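Notes for the one structure printed next.
The values are calculated or read from the model by the stated rules, or taken from the named source; none is laboratory data. Since this is a predicted model, take the numbers as computed values, not measurements. Cβ: placed from backbone, ideal geometry, glycine included. Neighbour counts: every protein chain shown.
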Amino acid sequence: MRKSTLLIALMFLFAVTAFAQPVGYADKILGRWDVTVQGSDGTSFPSWFEIQHRTEGQIMARVVGHFGSMRYATEATYKDGQLTITVPRQYEVAPPVLIFAGKLEGDKLVGTVQDEKGAPVNWTAVKAPEMRRTTKPNWGASIKLFNGKDLTGWKQRNNLHPNCWMVENGLLSNKTPCADLISEQKFTDFKLHVEFQNVKNGNSGIYLRGRHEVQINDAYGQAADSLRMGGVYGFLKPNANASKAPGEWQVFDITLIGRRVTVVLNGQTVIENEEIPGITGGALDSNEGEPGPIMMQGDHTKVMFRNITITPSK
């Protein structure tokens, strides 16, 4: 066989292999999914994934687990009604990879994934809402979420470290080890003003609706990144690093309308009206279409807050 004929034959074989699945075979599973994983201890935690075409005959995926940032799947397949998504380990102790295996049941995806002990646990996924807004928000009256005196209106995420948040000299702060702090009020669309002070090598964050973390960390003088100050953790990268040095007071002005977020850090717009694809690691739940609280991350390092004000839409 001549080389040119052999090359054509190999190209044809590759094309047939790549498009072995019929056109539209994966249409019902394409898109973003809000996932709830049932832990072996009876608790549940949120997760998220998005499934897209790689080619007409192949799919690819990206995933957010219980912790950490968004990860791209090393492999994703859908064949004979069975979905398999394989993602590398990040902060999990074990196993070395997470394998989400499932299938469609009505309008939901259901399946299993291994927990950190290697035991299978169940998960359920529903299509994530688009959350498009067709009208401009009608802003209501501003609300002081922190009164500068005590923890009225706030609660800890858990009691592993009781009373680890405190108010001193008008400042809200934590003593580590600690837990996240959650507002008792829930919100849908809003404008949030927060003044904060970070410590050297500090790591904290503000969760919008308890699901989407805007990162706080010691990123002074570093390159901008979605895992650093002002980024929506693992998803949206700031267009510049507007961080101040640790120990200086800094200011966030964050507007969230549907999935669209604008982040102003120290007077500079670093994210402008960009779409948040899904929940970030550490979220309270994956019920993206519902109102949610403001949550301050307190389980990493010390952080201080003052002048926390929110203006909700009516």
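Residues of region 184-222 being among the hydroxyl-bearing types (Ser, Thr, Tyr) and either in contact with a Gly (Cβ under 6 Å, 6 or more places away or on another chain) or part of a loop (DSSP other than H, G, I, E, B) (or both), which ones?
If we filter region 184-222 for residues that are among the hydroxyl-bearing types (Ser, Thr, Tyr), which is where we start, we get 188, 204, 207, 220.
Scanning region 184-222 gives THR188, TYR220.
Among the residues of region 293-313, write down those that are surrounded by 19 or more Cβ atoms within 10 Å (Cβ to Cβ) and β-branched (Val, Ile, Thr).
ILE294, THR301, VAL303, ILE308, ILE310, listed by residue number.
For ASP115, which of the numbered conditions (1) over 18 Å from PHE49 (Cβ atoms); (2) surrounded by 15 or more Cβ atoms within 10 Å (Cβ to Cβ); (3) not hydrophobic (A, V, I, L, M, F, W, C) fails to hold?
Only one criterion in (1) over 18 Å from PHE49 (Cβ atoms); (2) surrounded by 15 or more Cβ atoms within 10 Å (Cβ to Cβ); (3) not hydrophobic (A, V, I, L, M, F, W, C) is unmet by ASP115, namely (1).
Give region 35-94 a look and list any residue that's surrounded by 15 or more Cβ atoms within 10 Å (Cβ to Cβ), in a strand (DSSP E or B) and charged (D, E, K, R), or say none.
GLU50, ARG62, ARG71
Select from region 263-294 the residues that are closer than 18 Å to PHE252 by Cβ and of a type in the set (D, E, K, R) and list them in ascending order.
Within region 263-294, GLU272, GLU274 meet the criteria.
Looking at VAL121, VAL64, which is the one that is of a type in the set (Val, Ile, Thr) and closer than 27 Å to ASN203 by Cβ?
Details: VAL121 fails: closer than 27 Å to ASN203 by Cβ.
Of the residues listed, the single one that is of a type in the set (Val, Ile, Thr) and closer than 27 Å to ASN203 by Cβ is VAL64.
Rundown of residues vs (1) crowded, with 20+ Cβ neighbours inside 10 Å; (2) in contact (Cβ under 8 Å) with a residue 12 or more places away in the chain; (3) on the phi < 0 side of the Ramachandran plot, yes/no style:
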site: GLY170; (1), (2), (3): no, yes, no
site: LEU181; (1), (2), (3): yes, yes, yes
site: VAL199; (1), (2), (3): no, yes, yes
site: HIS212; (1), (2), (3): yes, yes, yes
site: ASN217; (1), (2), (3): yes, yes, yes
site: TYR220; (1), (2), (3): no, yes, yes
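What number of residues within region 117-155 satisfy the criterion of being of a type in the set (Gly, Ala, Ser) and modelled with pLDDT under 95?
Applying the first criterion (of a type in the set (Gly, Ala, Ser)) to region 117-155 yields 118-119, 125, 128, 140-142, 148, 153.
Checking which are modelled with pLDDT under 95 leaves us with 118-119.
Qualifying residue count, region 117-155: 2.
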